[in-house]
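The values are calculated or read from the model by the stated rules, or taken from the named source; none is laboratory data. These numbers come from a predicted model, not from an experiment. Reconstructed Cβ throughout: ideal geometry from the backbone, glycine too, with neighbour counts over all protein chains shown. Side chains included, ligands, DNA and RNA excluded: accessible areas come from the protein's heavy atoms. Shrake-Rupley method; radii C 1.70, N 1.55, O 1.52, S 1.80 Å.
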Amino acid sequence: MLTLVLFSLSSVALSTCVNGAFPPPCDSEIYCAGPILHQVQQAKLFDDDKYFVDMKLRESPDVVLSAFRNLSSEWPNATVPPAELQEFLSAYFEEPGTEFESWTPPDWHDQPKFLGGIANQELRNWAEKIHMLWKSLGRKVETSRAQTH
Ligand SMILES: *[C@@H]1O[C@H](CO)[C@@H](O)[C@H](O)[C@H]1NC(C)=O
Ligand SMILES: *[C@@H]1O[C@H](CO)[C@@H](O)[C@H](O)[C@H]1NC(C)=O
């Protein structure tokens, strides 16, 4: 189980890295251009611009864009007021980072046997620190999602 999680963490890191090295031309009408991004930025709903970009869609981009067109057509200048904009985001987007939840491996012990097998004190302290990271860095895919995949 531990190996599996390490692998999936490193594949996330790898894909982030690969995406960073070869940025695809961004043609998303939601995250890179278009009226939703524009109005979210104008309304200054979030302190951090990255926040919106990290929110995942609940519906297909076409549906979200169409719903936004419908919504903005309710105002003469096509500008959705902040409260309605926030409501729209809650309906069609997820909060960032909701696909993972904190997780401590069920077989995690604070003094695992392998630590006792390390003779060098410094190395053992280091290994212990790494081992402790499971508690702060452990993540698993949300139960509801794991079941749908
Ligand atoms: C937008 O409005 C059109 C016309 O009323 C409707 O057919 C369409 O389903 C609406 N889109 C969404 C996502 O609600
Ligand atoms: C759109 O209209 C609203 C209400 O009349 C106004 O408060 C807002 O500043 C306008 N926005 C733009 C971009 O013109």
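Count of the stretch 85-119 residues, restricted to those that are loosely packed, with under 14 Cβ neighbours inside 10 Å and part of a helix (DSSP H, G or I), is 6.
Keeping to the stretch 56-79, report how many residues are in a loop (DSSP other than H, G, I, E, B) and away from ligand 2 (no atom under 16 Å from the Cβ). So the count comes out to 4. Taking residues in the stretch 26-41 that are of a type in the set (Phe, Trp, Tyr), and partners anywhere that are open to solvent by 30 Å² or more (accessible area, probe 1.4 Å), the pairs with Cβ atoms closer than 9 Å and at least 6 places apart or on different chains are 31/53.
The numbered conditions (1) open to solvent by less than 90 Å² (accessible area, probe 1.4 Å); (2) under 30 Å from residue 35 (Cβ atoms); (3) of a type outside the set (Gly, Ala, Ser) are all true for residue 62 except (1).
Per-residue answers, yes or no, for (1) out of contact with any Ser or Thr (no Cβ under 9 Å at 6 or more places or on another chain); (2) surrounded by fewer than 12 Cβ atoms within 10 Å (Cβ to Cβ):
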{"site": "68", "(1), (2)": "yes, no"}
{"site": "76", "(1), (2)": "yes, yes"}
{"site": "82", "(1), (2)": "yes, no"}
{"site": "124", "(1), (2)": "yes, no"}
{"site": "134", "(1), (2)": "no, no"}
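Scanning the stretch 34-44 for residues that are over 20 Å from the mean Cα position of the chain (by Cα) and more than 16 Å from ligand 1 (Cβ to nearest atom) returns 38, 39, 42, 43, 44. Hey, among the residues in the stretch 45-55 that are under 18 Å from residue 28 (Cβ atoms), modelled with pLDDT of 90 or more and part of a loop (DSSP other than H, G, I, E, B), which one's nearest to ligand 1 (Cβ to nearest atom)? Residue satisfying both the conditions and the ranking: 55. Selection of the stretch 58-101 for residues being away from ligand 1 (no atom under 12 Å from the Cβ) and either in contact (Cβ under 8 Å) with a residue 60 or more places away in the chain or within 30 Å of residue 140 (Cβ to Cβ) (or both) yields 86, 89, 90, 93, 94, 95, 96, 97, 98, 99, 100, 101.
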